[in-house]
1. Placing one identical point scatterer on every Cα of the chain and ignoring solvent, what is log10 I(q)/I(0) from the Debye formula at q = 0.13, 0.14, 0.23 Å⁻¹?
2. If you take the beta carbon distance between Ser45 and Glu13 as r and set R0 to 41 Å, what does 1/(1 + (r/R0)^6) give as a FRET efficiency, to the nearest 0.05?
3. Please give the peptides 31-41, 101-111 ranked by average Cβ packing (other Cβ atoms within 10 Å per residue), highest first, as a rough proxy for protection.
4. Could you order the peptides 23-30, 9-16, 64-71 from most to least packed, using the average number of other C-beta atoms within 10 Å per residue?
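Bear in mind that the values in this text are calculations on the coordinates, not laboratory data. Since the structure is predicted, the reported quantities are computational estimates derived from the model, not experimental observations. Using ideal geometry, Cβ is built from the backbone for each residue, glycine included, and neighbour counts are taken over all protein chains shown.
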Amino acid sequence: MPGVGPIGAMIIETFAPDMATFKRGRDFAAWLGLIPLQKSTGGKSRPGQITKMGQKDIRRALVIGAMSRIAGYARQKSRAEPWLQDKLDRKPRMVAAIALANKMARRIRAMTTKEEDYKPQKVTAT
């Protein structure tokens, strides 16, 4: 997977519990602390900072990998996939990196539970 090299894969393999313990990929991302804190008042929910709970080594590896992917797009002066490019256009770079790390964590959980290799998503023109 782009953004997860051999060291990142080793960190995930070493520190993560069996992926079958997580019901969904969102649960794995939440265990890593890659979801925003929910702050609500008066019926309005406002997402806050990431929780930073859970396994910090895996979280750090995924965020560094996400930042390297974003930096690679900037270095090549090319546009990222539409989902990520939309985030980069609207949000600060670090917020987009955390969202990408969350997505990477979910895909890693799916790949390991289904015992599949990485398959890039097909981008369709709309």
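1. -0.56, -0.65, -1.45
2. 0.70
3. 101-111, 31-41
4. Going from most to least packed, we get 64-71, 23-30, 9-16.
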